[in-house]
Amino acid sequence: PSLSPRLEIADQQIFRIREASPAFLFGKVKNPLRDYGFRFSYVFSLYGGDDKLLYEAENEASVFPSSETLLYETVSQVLSRDAYRVSFEIRNAEEVPAYEFPVVSFSFSENPRIEILDEERIIRVLGTVRNDSGTFVPEARVVALLRDAFGFQVFVSGTILANMRSFSEKQFEIPVPYDTDLARQLREGSVEVFFYPVF
């Protein structure tokens, strides 16, 4: 299947963390179509100072109709200081009719929060998500978008939740690599958490 021109890449970034060596990558894909969702594969390509390709990280995802999805990769094969730019590309996308996507709604019983434990060198996002629908969710990606006090994105991380029964709640913990500068930025910062059922 070929790439649908209707899927939009809305963002792509490298997050560099001084006290953690991997390159942390982020991309956002937007689907403006109401009648179709997509299953697609994507690739992050990392380039060095001389624009030489250092590494490609490939994966697969889906996006519901009229929505967007946040994607992130941790590339331990490349030191973030060696990566000069990232290119994020959708390799192929398959249209899926809207009716094939399950109707799922979710909520957070309280706002997810950032916990910073300096002595233990731990940063994490804690929260509880509730499946408000009658649909069993076998697997979901939970993605945290972390911002500083000025609202700038400073990091993205996530975790996987399995077996979410209908009308049930589940606690989650999203790890964030510890870094003194990042901890300082997040102390007055905020977090937004997104829940993406995987089907």
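The values are calculated or read from the model by the stated rules, or taken from the named source; none is laboratory data. Keep in mind the model is a prediction, meaning the values are calculated, not measured. Glycine gets a Cβ as well: all are built from the backbone with ideal geometry, and neighbour counts include every protein chain shown. The area values use the complete protein model at the heavy-atom level, side chains included, leaving out ligands, DNA and RNA. Shrake-Rupley method; radii C 1.70, N 1.55, O 1.52, S 1.80 Å.
Would you be able to say whether some residue in the range 65-72 is surrounded by fewer than 17 Cβ atoms within 10 Å (Cβ to Cβ) and either in contact (Cβ under 8 Å) with a residue 60 or more places away in the chain or over 19 Å from the mean Cα position of the chain (by Cα) (or both)?
Taking every residue of the range 65-72 in turn, none turns out to be surrounded by fewer than 17 Cβ atoms within 10 Å (Cβ to Cβ) and either in contact (Cβ under 8 Å) with a residue 60 or more places away in the chain or over 19 Å from the mean Cα position of the chain (by Cα) (or both).
Might you check whether a residue that is part of a strand (DSSP E or B), over 23 Å from Ser76 (Cβ atoms) and not acidic (Asp, Glu) occurs anywhere in the range 147-160?
Yes; the residues of the range 147-160 include at least one that is part of a strand (DSSP E or B), over 23 Å from Ser76 (Cβ atoms) and not acidic (Asp, Glu).
Select from the range 8-17 the residues that are in contact with an Asp or Glu (Cβ under 8 Å, 6 or more places away or on another chain) and either in a strand (DSSP E or B) or open to solvent by 20 Å² or more (accessible area, probe 1.4 Å) (or both) and list them in ascending order. Steps first, answer last, please.
Looking only at the range 8-17, we keep the residues that are in contact with an Asp or Glu (Cβ under 8 Å, 6 or more places away or on another chain), and these are 9-10, 17.
Scanning the range 8-17 gives Ile9, Ala10.
Would you say Ser157 is open to solvent by less than 30 Å² (accessible area, probe 1.4 Å), in contact with a Pro (Cβ under 9 Å, 6 or more places away or on another chain) and either over 23 Å from Ile9 (Cβ atoms) or at pLDDT below 95 (or both)? Step through it out loud before you land on a result.
On the way: open to solvent by less than 30 Å² (accessible area, probe 1.4 Å): yes; in contact with a Pro (Cβ under 9 Å, 6 or more places away or on another chain): yes; either over 23 Å from Ile9 (Cβ atoms) or at pLDDT below 95 (or both): no.
The answer is no for Ser157.
So how many residues does the range 131-154 have that are open to solvent by 50 Å² or more (accessible area, probe 1.4 Å), of a type in the set (A, V, I, L, M, F, W, C) and in contact (Cβ under 8 Å) with a residue 12 or more places away in the chain?
2
Of the conditions (1) under 19 Å from Leu70 (Cα atoms); (2) touching a helix residue (DSSP H, G or I) at 6+ places or on another chain (Cβ under 8 Å), Ala149 fails just one. Which one is it?
Against the list (1) under 19 Å from Leu70 (Cα atoms); (2) touching a helix residue (DSSP H, G or I) at 6+ places or on another chain (Cβ under 8 Å), Ala149 comes up short only on (1).
Inside the range 167-199, can you point out the residues that are in contact with a strand residue (DSSP E or B) (Cβ under 6 Å, 6 or more places away or on another chain), over 17 Å from Arg113 (Cα atoms) and either outside any loop (DSSP other than H, G, I, E, B) or open to solvent by 40 Å² or more (accessible area, probe 1.4 Å) (or both)?
Tyr196, Pro197, Val198
Having 1 or more residues that are among the aromatic types (Phe, Trp, Tyr) is the bar; report the strands (runs of 3 or more DSSP E) wholly within the range 43-131 that clear it.
By residue number, 53-63, 67-79, 85-97, 106-108.
So which of Ala61, Ala98, Ala20 ends up being among the hydrophobic types (A, V, I, L, M, F, W, C), in contact with a Pro (Cβ under 9 Å, 6 or more places away or on another chain) and either open to solvent by 70 Å² or more (accessible area, probe 1.4 Å) or under 30 Å from Thr135 (Cα atoms) (or both)?
Unique residue meeting the criteria: Ala98.
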